[in-house]
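Asker: Before I ask anything, let me first share the structure, which is written out below as structure tokens.
Since every read-out is calculated from the coordinates, none of them should be taken as a lab result. Predicted model, so just to flag it, every value in this text is computed and none were measured. Because the Cβ atoms are built from the backbone with ideal geometry, glycine has one as well, and the counts that use them run over all protein chains shown.
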């Protein structure tokens with residue numbers, strides 16, 4: 001499918017041109033979206049005109065750029081969920097620079113939509129970045145991301161080790177929206193990571209404690225199994241390797257490797273790009289790392305020299 005066919009642009013000609021410019025700069029393969037009906041509507045409307053999306057209802061000085069508003073989570077008239085994002089800019093309407101609800105992603109019942117605030121037309125760069133941030137939710141919910149994908153992305157964003165807020169969405173662990181739980185959740189941090197991975201735009205990441213970088217892009221492509229459009233396909237591999245890690249109640253680190261389709265009776269296991277051990281080709285290996293901590297890269301090589309993908313785990 002073409003990139004434009006994934007979206008139903010419902011703005012004016014000028015507004016649609018801004019969105020087309022954003023789509024042109026995004027290299028995500030939209031055919032990967034299978035759980036949300038396409039095309040999804042992209043509209044422009046007043047998200048700040050006294051509706052429940054208005055950040056003013058949350059208090060604070062909206063003209064103070066250092067006072068970042070809490071997240072707004074709303075339910076639409078048909079039960080669809082909506083998540084609004086804030087951006088600080090001058091709408092050139094005489095009010096000066098302030099925080100505005102700049103965009104919202106809606107979903108529910110297999111449908112989704114994106115709305116951009118009409119004031120962003122005066123700031124097309126912000127409109128394009130907001131569209132990309134909301135399109136990240138389209139990819140997350142529309143593929144959809146599997147638990148394994150979410151786990152690997154979470155670990156990618158925690159290079160120093162997992163912490164006490166590694167949930168994808170706040171409600172996964174019984175936390176409310178707003179404040180630190182929102183900014184710390186991986187499902188929202190993914191907006192910046194996805195933009196880094198599939199565009200040349202600079203995402204807004206200021207309030208998020210976990211920062212993505214463009215250097216993470218190749219790992220995102222691998223985790224999602226979605227190389228950017230126009231990229232050379234990865235060399236084929238028939239050995240599929242996955243890994244996970246955990247710490248026991250006694251403080252010992254464990255790593256479990258699972259694989260399929262390797263050939264021969266034994267395999268060479270490489271850790272951090274160095275040959276480590278030889279193991280039986282029985283599909284599973286559990287390693288005790290005791291008190292060792294850090295990020296470990298595992299790869300398998302079978303007797304025919306065929307290599308698996310690289311599995312990254314963090315303790």
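Asker: Can you give the relative contact order of the chain as a percent, counting alpha carbon pairs under 8 Å and 6+ residues apart?
Answerer: RCO, the chain: 14 percent.
Asker: Taking 37 °C and 0.692 mPa s as the conditions, I'd like the Stokes-Einstein D for segment 56-158 in µm²/s, using the Kirkwood hydrodynamic radius from alpha carbon pairs.
Answerer: 216 µm²/s
Asker: So if I take the centroid of the Cα atoms in segment 83-129 and the same for segment 178-232, what is the distance between those two points in Å?
Answerer: For segment 83-129 versus segment 178-232, the Cα centre distance is 19 Å.
Asker: Based on the inverse mean of 1/r over its pairs of different Cα atoms, what is the Kirkwood hydrodynamic radius of segment 147-224, in Å?
Answerer: 12.7 Å
Asker: Over segment 229-315, what is the relative contact order in percent, taking alpha-carbon pairs closer than 8 angstrom and at least six residues apart?
Answerer: Reported as a whole number, the value is 34 percent.
Asker: Which order, highest average first, do 131-140, 32-41, 15-24 follow once you tally other Cβ atoms within 10 Å for each residue and take the mean per peptide?
Answerer: The densest-packed peptide leads the list: 131-140, 15-24, 32-41.
Asker: Have a look at the DSSP beta bridges in the chain and tell me what percent are antiparallel, nearest 5.
Answerer: 90 percent
Asker: Quick one: helix 13-24 against the long Cα principal axis of the chain, what's the angle to the nearest 10°, folded into 0 to 90?
Answerer: 10 degrees
Asker: A further question on this structure: How much mean residue ellipticity at 222 nm does the chain get from its helices, if each DSSP H run of length 4 or more adds -39500 (n - 2.57) and you divide by all residues, to the nearest 500 deg cm²/dmol?
Answerer: Using -39500 (n - 2.57) per qualifying helix, the result is -6500 deg cm²/dmol.
Asker: Report D for the chain in µm² per second (integer): Stokes-Einstein, Kirkwood Rh on Cα pairs, 20 °C, 1.002 mPa s.
Answerer: Using the Kirkwood radius from Cα pairs, D works out to 100 µm²/s.
Asker: Over segment 4-142, calculate the relative contact order: mean separation of alpha carbon pairs under 8 Å at least 6 apart, over the residue count, as a percent.
Answerer: 27 percent
Asker: Can you give me the distance in nm between label points at residue 16 and residue 66, each placed 7 Å from the Cα along the Cα-to-Cβ direction?
Answerer: 4.5 nm
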